[in-house]
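Input: a single structure, listed below in structure tokens.
The values are calculated or read from the model by the stated rules, or taken from the named source; none is laboratory data. Treat the numbers as computed from the prediction; the structure is a model and nothing was measured. A quick note on method: Cβ atoms are made from the backbone with ideal geometry, for glycine too, and the neighbour counts reach across all protein chains shown. Note: areas computed on protein heavy atoms with side chains; ligands, DNA, RNA excluded. Shrake-Rupley method; radii C 1.70, N 1.55, O 1.52, S 1.80 Å.
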Amino acid sequence: MKEGVASFLVLAETAAGYALLEVVEFDEIASMGPEMQRALSEASNFLRCVKLKAFLAFSSAEMALENINEISEHGVPERLHRFLEMNLPQNKKKKKLILGVVEPDLGKAISEATGASVRSDDIIREILRGARQHLVKLIPELGNGVIEQSQLGLGHAFSRAKVKFNPARADNMIIQSIGLLDTLDKDINTFAMRCREWYSWHFPELRDLVRDNYAFARAAAVVGDRASFLAADETAKMKELADAVSNTIEGDDGVKTATAIRSAARMSMGMDCSSGDMANIMRFTRRMVALATYRAQLGLYLGDKMLAVAPNLATLVGESVGARLISKAGSLSSLAKCPASTVQILGAEKALFRALKKKGNTPKYGLIYHSTFIGRAAKKNKGRISRYLANKCAIASRIDAFAEDVTTKYGEQMREQVEERLRFFDTGETPRKNIDVMTQVANELKAAAAAATKKENSSMDVVDKPPPSSSKKKSKKKKEQEEEVVELADSSKKKKKKKKDDEENDEPPKKKKKATDEPATPAALASPAAGAAEDASSKKKKKKRKKDDA
């Protein structure tokens with residue numbers, strides 16, 4: 001073979017199956033030139049350089065999706081592993097052979113699985129580009145629209161699977177909600193200014209009596225035309241107006257303000273409006289009130305969603321700031337992968353690059369500036385507290401992203417740590433160490449989990465026990481049986497005692513004792529036998545003595 005001309009195999013993963021291409025003749029030196037690329041775009045030139053060695057088709061769409069999912073995660077599917085083992089040369093030839101793969105990470109996995117030498121560079125990509133272009137010429141079975149249909153079906157299935165499998169735990173809803181919330185804030189402010197300006201032509205005194213934009217719009221919707229308002233039922237209208245301008249936070253029931261509005265309406269200097277003009281003003285005012293109400297509901301929804309998805313981050317810096325950090329990073333998992341230095345200046349990218357370009361001071365904080373902690377710190381300590389807070393935000397986001405159990409304990413303790421750091425900057429009081437705090441929380445959670453497990457086991461034991469009625473019945477039966485056994489034992493004892501008394505009263509001779517009908521115990525049977533043996537031995541001794549005397 002000529003110098004600079006390579007021979008190797010290339011793996012092509014298609015929607016229809018795996019193809020192993022053998023590069024018979026390919027000039028790597030000239031391959032990157034425009035003339036060579038134009039030559040490879042022609043099928044005759046490409047097929048002269050590249051030959052099909054083997055092809056393994058997918059038997060079903062499910063198999064294709066399963067294989068492409070594993071390849072996308074840089075793994076080697078079992079089907080691909082068997083295909084390579086069957087078609088790659090064995091032993092010493094395998095080590096010399098080079099296998100071309102488009103993805104370097106997939107190449108590493110294949111090299112570990114098969115032991116083959118793998119390369120992934122521009123030459124391999126150029127060959128695979130030509131293979132995709134002339135795939136039908138290499139594999140004629142994929143013609144007549146088969147490969148296009150396979151690609152379309154696999155593309156839809158792969159996209160559908162990726163959308164369904166969302167490891168971010170619904171953080172996409174948080175990103176959309178905080179974006180809509182910011183848009184609504186801008187729109188409501190614009191509409192409120194327009195409402196104040198428009199209605200003030202008719203009732204200018206209301207602007208000074210009601211400062212809040214939302215309360216102004218509600219009051220304008222209740223008052224409407226001044227003449228109609230004054231002519232209507234005073235009690236009902238005043239109650240409705242008091243509810244519209246009341247402030248529950250400050251404890252104002254709105255009665256005084258409503259009375260002032262009614263008295264001002266009587267002496268107003270505003271212009272009169274026709275019924276058509278007033279109808280348009282009222283329609284716009286009601287829309288603005290409905291929009292502000294929806295904005296409040298969306299804020300509650302965002303708070304609930306943050307507590308479900310990122311409870312520790314929400315507890316530490318609040319739902320709004322936490323949601324903005326997640327939105328800026330792209331997802332909760334992306335925020336968890338960011339270092340604390342990135343979290344600190346997240347949202348201040350323009351200021352950062354401007355400072356780097358002009359060699360000025362870099363920004364100290366980004367979105368976390370909206371947290372209450374930085375506002376409470378002294379000017380000289382704002383940079384230090386923002387760095388410390390960013391560190392805690394990074395820890396909280398990692399716990400929320402990768403912890404199995406959802407809890408706010410870590411967020412509460414980290415919030416206390418930031419408070420301690422603020423006190424340290426002000427008074428010099430030494431804060432607790434982070435490792436001690438985290439260990440304490442982990443131990444508390446373990447103890448709570450153990451207590452919950454113990455409670456579950458005890459409740460299961462209670463369920464497994466028989467009902468109390470059946471147990472009472474069983475205990476009654478046992479008592480009755482025991483009483484019967486005791487009675488029988490007593491009666492047997494009495495019978496035995498009676499028999500013994502009878503035997504003592506008329507005791508027969510010892511020889512006749514054997515003929516008694518009473519069943520004898522083993523001890524009673526043993527004692528007469530022993531007595532008889534003694535009598536027999538004494539008789540024998542007497543006979544011997546008589547013989548000796550004779």
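Screening GLU126 with (1) farther than 30 Å from SER334 by Cβ; (2) at pLDDT below 85; (3) assigned to a helix (DSSP H, G or I); (4) open to solvent by 30 Å² or more (accessible area, probe 1.4 Å) gives one miss only, at (4).
Pairs are defined by a Cβ separation below 8 Å, a sequence spacing of at least 6 or placement on different chains, a first member in the stretch 119-132 that is among the hydroxyl-bearing types (Ser, Thr, Tyr), and a second member that is open to solvent by 50 Å² or more (accessible area, probe 1.4 Å) and not in a loop (DSSP other than H, G, I, E, B); the pairs so defined are SER120/PRO104. Quick one: in the stretch 272-312, of everything that is farther than 23 Å from TYR214 by Cα and open to solvent by 20 Å² or more (accessible area, probe 1.4 Å), which residue is nearest to the chain's Cα centre (by Cα)? Going through the qualifying residues, I end up with ALA308.
Cβ-Cβ distances below 6 Å connect the following pairs, each with a first residue in the stretch 55-78 that is open to solvent by 70 Å² or more (accessible area, probe 1.4 Å), a second residue that is outside any helix (DSSP H, G or I), and a separation of six or more residues or different chains: GLU70/PRO77. Of everything listed in (1) at pLDDT 85 or above; (2) under 38 Å from the mean Cα position of the chain (by Cα); (3) of a type in the set (Ser, Thr, Tyr), the single unmet condition for SER159 is (1). Against the list (1) of a type in the set (Val, Ile, Thr); (2) surrounded by 15 or more Cβ atoms within 10 Å (Cβ to Cβ); (3) over 30 Å from ARG38 (Cα atoms), the condition VAL136 fails is (3).
Residues in the stretch 364-394 that are open to solvent by 30 Å² or more (accessible area, probe 1.4 Å) and in a loop (DSSP other than H, G, I, E, B): LYS364, TYR365, ALA378. The number of residues in the stretch 358-411 being over 15 Å from CYS338 (Cα atoms) and either β-branched (Val, Ile, Thr) or in contact with a Cys (Cβ under 6 Å, 6 or more places away or on another chain) (or both) comes to 7. When the residues of the stretch 162-188 are narrowed to those that are touching a Ser or Thr at 6+ places or on another chain (Cβ under 7 Å) and of a type outside the set (A, V, I, L, M), which ends up modelled with the highest pLDDT? Among them, the one singled out is GLY179. Does the stretch 303-313 include one or more residues that are without any contact (Cβ under 8 Å) to a residue 24 or more places away in the chain and within 26 Å of LEU180 (Cα to Cα)? Yes; the residues of the stretch 303-313 include at least one that is without any contact (Cβ under 8 Å) to a residue 24 or more places away in the chain and within 26 Å of LEU180 (Cα to Cα).
Taken together, ARG398, ARG354 contain a single residue that is over 30 Å from ALA170 (Cβ atoms) and either open to solvent by 40 Å² or more (accessible area, probe 1.4 Å) or of a type in the set (A, V, I, L, M) (or both), which is ARG354. Out of the residues in the stretch 187-208 that are surrounded by fewer than 19 Cβ atoms within 10 Å (Cβ to Cβ) and among the aromatic types (Phe, Trp, Tyr), state the one that is farthest from PHE284 (Cα to Cα). Selected residue: TRP201.
Residues in the stretch 200-215 that are out of contact with any Phe, Trp or Tyr (no Cβ under 8 Å at 6 or more places or on another chain) and either modelled with pLDDT of 90 or more or in a helix (DSSP H, G or I) (or both): SER200, TRP201, HIS202, PHE203, PRO204, GLU205, ASP208, LEU209, ASN213, TYR214, ALA215. Checked against (1) of a type outside the set (Phe, Trp, Tyr); (2) loosely packed, with under 14 Cβ neighbours inside 10 Å; (3) more than 30 Å from GLY299 (Cβ to Cβ), ASP253 meets all criteria but (3).
Would you point out the residue of the stretch 92-105, among those that are part of a helix (DSSP H, G or I) and modelled with pLDDT under 85, that is farthest from GLU13 (Cα to Cα)? Per the criteria, the residue is LYS92.
Whenever a residue of the stretch 152-163 is within 12 Å of ILE68 (Cα to Cα), its partners that are open to solvent by less than 100 Å² (accessible area, probe 1.4 Å) and at pLDDT 75 or above, lying with C-beta atoms within less than 6 angstrom and at least six residues away or across chains, give the pairs LEU154/ALA15; LEU154/ALA64; ALA157/LEU65; PHE158/ILE68. Scanning the stretch 413-443 for residues that are in a helix (DSSP H, G or I), of a type in the set (D, E, K, R) and touching a helix residue (DSSP H, G or I) at 6+ places or on another chain (Cβ under 6 Å) gives ARG415, ARG421.
Of all the residues in the stretch 217-234, those that are farther than 16 Å from GLY270 by Cα, without any contact (Cβ under 8 Å) to a residue 40 or more places away in the chain and open to solvent by less than 30 Å² (accessible area, probe 1.4 Å) number 1. The criterion of being open to solvent by less than 90 Å² (accessible area, probe 1.4 Å), part of a helix (DSSP H, G or I), of a type in the set (A, V, I, L, M) and touching a Gly at 6+ places or on another chain (Cβ under 7 Å) does not hold for VAL118. Look at (1) within 20 Å of ALA54 (Cα to Cα); (2) not in a loop (DSSP other than H, G, I, E, B) and you find that PRO89 fails only one, number (2).
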